[in-house]
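A short write-up of the structure that comes next.
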Amino acid sequence: MTAFQQPITINGNVFFASDFHLGAPNREESDRRERKIISWFNQIQDQCTHLFLLGDIFDYWFEYKDVVPRGYYLLFAKLHEMHEKGVVIYYFTGNHDMWVQDYFSTEFGAIVFKQQQAFVINGKRCMVGHGDGLGPKDHGYKFIKAVFAFRPNRVLYSCLHPRQSFAIARFFSRKSRAMTSAEEEHYMGDDKEYIVLYCKEVIKNEDIDYFIYGHRHLMIEKNIGDKAVYFNIGDWIRHYSYLEFPQDGKPLLKTYSTNPD
């Protein structure tokens, strides 16, 4: 099975962001980050036609039938406003928010993807996703992700009271960040970066212009072979970074500034 199949074709001024990790490490810092994100949305909304949120927008997310995590009103209100103004919003689940169900599609019209998706964006063939679980090795993480994604396990977890399930999830989220924090600060090299190795394998058989992912918390622009480019769009914990793909130009990695001029 090929990676690039059933692509979605879009044209316009497209923006990508990921790894907001709202909720971490505490309410005060998360609220400051949320306000900065809203400020960025205000800056881009008049030119943005499509907004991609590439996972780990929340440090933890789990939907019960009638209960969702508390908070994030400003973010949801702004996304609803942008949706009402015609911005198409794509939401890719990450490893911290894989249990997204239909709340985002109902509340602000997001189109939700639970795995990477092929797009033709402004005429360019793109693979887009969160980026976790790609490439060789990392078998322990892939096993854990499969366990969490298994529907019966999700049903059993939902039997816990929300106060209990949220506390458990936050504990493991903090533990995960502690284990990977050092790795997230440095590019590990072409022979160790799982996503780079994955991209190299894909282009052996397929014609791809851009691979666009999050997850690594690093701003990366890496040529893959003779044509393809791998972008990792960083995070909003340290970099406040995003990718802009204008309709009449090439993708550009940028950092948010309150004084864009």
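The values are calculated or read from the model by the stated rules, or taken from the named source; none is laboratory data. These figures come from a predicted structure and were not determined experimentally. For neighbour counting, all protein chains shown are included, and Cβ atoms are generated from backbone atoms with ideal geometry for every residue, glycine included. Calculation scope for accessible area: heavy atoms of the full protein, side chains included, ligands and nucleic acids excluded. Shrake-Rupley method; radii C 1.70, N 1.55, O 1.52, S 1.80 Å.
Below is a table of values for the structure above.
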quantity: Odd one out for residue 84 among (1) open to solvent by 50 Å² or more (accessible area, probe 1.4 Å); (2) among the charged types (D, E, K, R); (3) within 19 Å of the chain's Cα centre (by Cα); (4) over 20 Å from residue 243 (Cα atoms); calculated: (3)
quantity: Top-ranked residue in region 100-127 [being within 14 Å of residue 6 (Cα to Cα) and assigned to a loop (DSSP other than H, G, I, E, B); ranked as modelled with the highest pLDDT]; calculated: 116
quantity: Residue match in region 144-153 (condition: outside any helix (DSSP H, G or I) and modelled with pLDDT of 95 or more); calculated: no
quantity: Filter pass, residue 132 being in contact (Cβ under 8 Å) with a residue 24 or more places away in the chain, under 16 Å from the mean Cα position of the chain (by Cα), open to solvent by 10 Å² or more (accessible area, probe 1.4 Å) and within 30 Å of residue 205 (Cα to Cα); calculated: yes
quantity: Only listed residue being in contact with a Phe, Trp or Tyr (Cβ under 7 Å, 6 or more places away or on another chain), at pLDDT 75 or above and not in a strand (DSSP E or B), chosen from 186, 215, 130; calculated: 130
quantity: Subset of region 203-249 (residues that are in contact with a helix residue (DSSP H, G or I) (Cβ under 6 Å, 6 or more places away or on another chain), of a type in the set (Ser, Thr, Tyr) and surrounded by fewer than 22 Cβ atoms within 10 Å (Cβ to Cβ)); calculated: none
quantity: Check on residue 76, aromatic (Phe, Trp, Tyr) and either open to solvent by 60 Å² or more (accessible area, probe 1.4 Å) or within 21 Å of residue 131 (Cα to Cα) (or both); calculated: no
quantity: Meets criteria (open to solvent by 20 Å² or more (accessible area, probe 1.4 Å), at pLDDT 95 or above and assigned to a helix (DSSP H, G or I)) for residue 200; calculated: yes
quantity: Selection status of residue 174, in contact with an Asp or Glu (Cβ under 9 Å, 6 or more places away or on another chain) and at pLDDT below 70; calculated: yes
